[in-house]
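Presented below is the structure to which this report refers.
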Amino acid sequence: MIKACIFDLDNTLLDFMRMKRESVEMAVEAMIDAGLKIKKEAAIEKIFKLYSETHIEDQKIFDRFLEIELGYIDYKILAAGIVAYRKAKTANMILYPHIRFVLTELLRMGLKLGVISDAPRLQAWTRLAEVGLHTIFNAVITWDDTGIRKPNPEPFLAVLKKLEVQPEESIMVGDWAERDIYGAKEVGMITVFAKYGDTFGTKNSGAHYEIEDPLELLDIVKKLNEVK
């Protein structure tokens with residue numbers, strides 16, 4: 001009997017990479033407008049390279065970028081980039097199609113809902129609040145809650161404990177096979193790979209189920225709970 005459904009946040013509930021790409025592009029355009037001498041495409045590529053070297057949540061990425069490009073931080077340029085980034089981030093923080101309906105239906109079916117995110121606590125909760133989902137989850141576990149990222153078992157065990165369910169009574173939905181799927185399977189959870197959010201071109205997720213649309217999750221839950 002499935003009693004809980006747990007979701008990864010970025011690229012599973014939210015189209016995070018779309019938001020990140022749009023926000024960085026707008027920030028670069030604003031910095032160029034403020035006087036930064038660089039080609040737009042080159043700047044975007046360099047910023048994402050810096051993200052890959054640190055973390056996608058790096059809050060000082062533009063500072064580091066300007067220090068490399070200019071040898072110092074020009075605060076007029078930095079401020080322009082930050083303001084443009086924040087505006088674009090809010091405008092592009094959107095849910096994947098059908099997510100809100102699926103979550104509502106899962107609640108109607110009596111399931112508990114949870115989130116496991118490798119994002120810092122404030123960033124995770126801010127994103128949930130921006131799309132109006134901050135009140136519907138029974139448990140939200142972030143990097144700050146455990147200090148350990150997926151696929152380590154600890155975040156999965158933490159959310160299960162908070163939801164008061166056993167691993168075999170829960171479903172984990174995520175877009176990153178090596179973190180979401182592998183980690184959840186290791187603790188005994190049923191796994192669903194969110195192909196619609198996959199940014200790695202994953203060929204074999206290793207999940208129990210794979211879905212192209214969040215709506216398919218409802219059929220999986222009904223089948224597992226033998227709901228006609």
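Limited to the range 10-59, what total is found for residues that are without any contact (Cβ under 8 Å) to a residue 12 or more places away in the chain and among the polar types (S, T, N, Q)?
So the count comes out to 3.
Does Asp145 count as surrounded by 18 or more Cβ atoms within 10 Å (Cβ to Cβ) and assigned to a loop (DSSP other than H, G, I, E, B)?
no
Restrict the check to the range 70-85 and report whether at least one residue is without any contact (Cβ under 8 Å) to a residue 24 or more places away in the chain and under 19 Å from the mean Cα position of the chain (by Cα).
No: zero hits.
Identify, by number, the condition in (1) surrounded by 14 or more Cβ atoms within 10 Å (Cβ to Cβ); (2) on the phi < 0 side of the Ramachandran plot; (3) within 17 Å of the chain's Cα centre (by Cα); (4) at pLDDT 95 or above that Glu154 doesn't meet.
Just one mismatch for Glu154, condition (3).
Would you tally the residues in the range 207-227 being within 21 Å of Tyr96 (Cα to Cα) and exposed (fewer than 13 other Cβ atoms within 10 Å of the Cβ)?
Matching residues across the range 207-227 total 2.
Which residues, taken from the range 57-69, are open to solvent by less than 80 Å² (accessible area, probe 1.4 Å) and under 24 Å from the mean Cα position of the chain (by Cα)?
Glu57, Asp58, Ile61, Phe62, Asp63, Arg64, Phe65
Determine, yes or no, whether Asn204 is open to solvent by 80 Å² or more (accessible area, probe 1.4 Å) and touching a strand residue (DSSP E or B) at 6+ places or on another chain (Cβ under 6 Å).
The answer is no for Asn204.
When you go through Ala42, Ala84 one by one, which is the residue that is touching a helix residue (DSSP H, G or I) at 6+ places or on another chain (Cβ under 6 Å) and not in a loop (DSSP other than H, G, I, E, B)?
After applying the criteria, what remains is Ala84.
Scan the range 207-228 for residues that are in a loop (DSSP other than H, G, I, E, B) and either more than 25 Å from Arg108 (Cα to Cα) or touching a strand residue (DSSP E or B) at 6+ places or on another chain (Cβ under 7 Å) (or both) and report the count.
Within the range 207-228, residues that are in a loop (DSSP other than H, G, I, E, B) and either more than 25 Å from Arg108 (Cα to Cα) or touching a strand residue (DSSP E or B) at 6+ places or on another chain (Cβ under 7 Å) (or both) number 2.
Looking at the range 186-204, I want the residues that are more than 16 Å from Ile116 (Cα to Cα) and in contact (Cβ under 8 Å) with a residue 60 or more places away in the chain and have a partner that is in a loop (DSSP other than H, G, I, E, B) and open to solvent by 50 Å² or more (accessible area, probe 1.4 Å) with Cβ atoms under 9 Å, at least 6 apart or on another chain. Which pairs are those?
Between residues of the range 186-204 that are more than 16 Å from Ile116 (Cα to Cα) and in contact (Cβ under 8 Å) with a residue 60 or more places away in the chain and residues that are in a loop (DSSP other than H, G, I, E, B) and open to solvent by 50 Å² or more (accessible area, probe 1.4 Å), the close pairs are Tyr196/Pro97; Tyr196/Glu212; Asp198/Trp176; Thr199/Trp176.
Residue-by-condition table, conditions (1) surrounded by 17 or more Cβ atoms within 10 Å (Cβ to Cβ); (2) within 29 Å of Met189 (Cβ to Cβ):
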residue	(1), (2)
Phe16	yes, yes
Lys39	no, no
Lys49	no, no
His55	no, yes
Lys76	no, no
Ala91	no, no
Arg100	no, yes
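Go through (1) open to solvent by less than 40 Å² (accessible area, probe 1.4 Å); (2) modelled with pLDDT under 95; (3) of a type in the set (Asp, Glu) for Asp175 and report which single condition fails.
Single failed check for Asp175: (2).
Taking the range 47-59 only, how many residues are assigned to a helix (DSSP H, G or I) and over 18 Å from Ala80 (Cα atoms)?
Residues meeting the conditions: 6.
Those residues that are part of a helix (DSSP H, G or I) and closer than 19 Å to Phe16 by Cβ, I need them from the range 160-183; list them, please.
Result: Ala177, Glu178, Arg179, Asp180, Ile181, Gly183.
One line per residue, one yes/no per condition, for (1) of a type in the set (Gly, Ala, Ser); (2) under 19 Å from Arg86 (Cβ atoms):
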{"residue": "Ile6", "(1), (2)": "no, no"}
{"residue": "Ala30", "(1), (2)": "yes, yes"}
{"residue": "Ala43", "(1), (2)": "yes, yes"}
{"residue": "Ile61", "(1), (2)": "no, yes"}
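Scanning for something within 14 Å of the chain's Cα centre (by Cα) and among the small types (Gly, Ala, Ser), does the range 133-151 turn up at least one residue?
The answer is no; no qualifying residue exists.
The values are calculated or read from the model by the stated rules, or taken from the named source; none is laboratory data. Keep in mind that this is a model prediction, so the values were computed, not measured. Cβ coordinates were reconstructed from backbone atoms using ideal geometry, including for glycine residues, and neighbour counts include every protein chain displayed. Heads up: the accessible areas ignore ligands, DNA and RNA and are worked out on the full protein's heavy atoms, side chains in. Shrake-Rupley method; radii C 1.70, N 1.55, O 1.52, S 1.80 Å.
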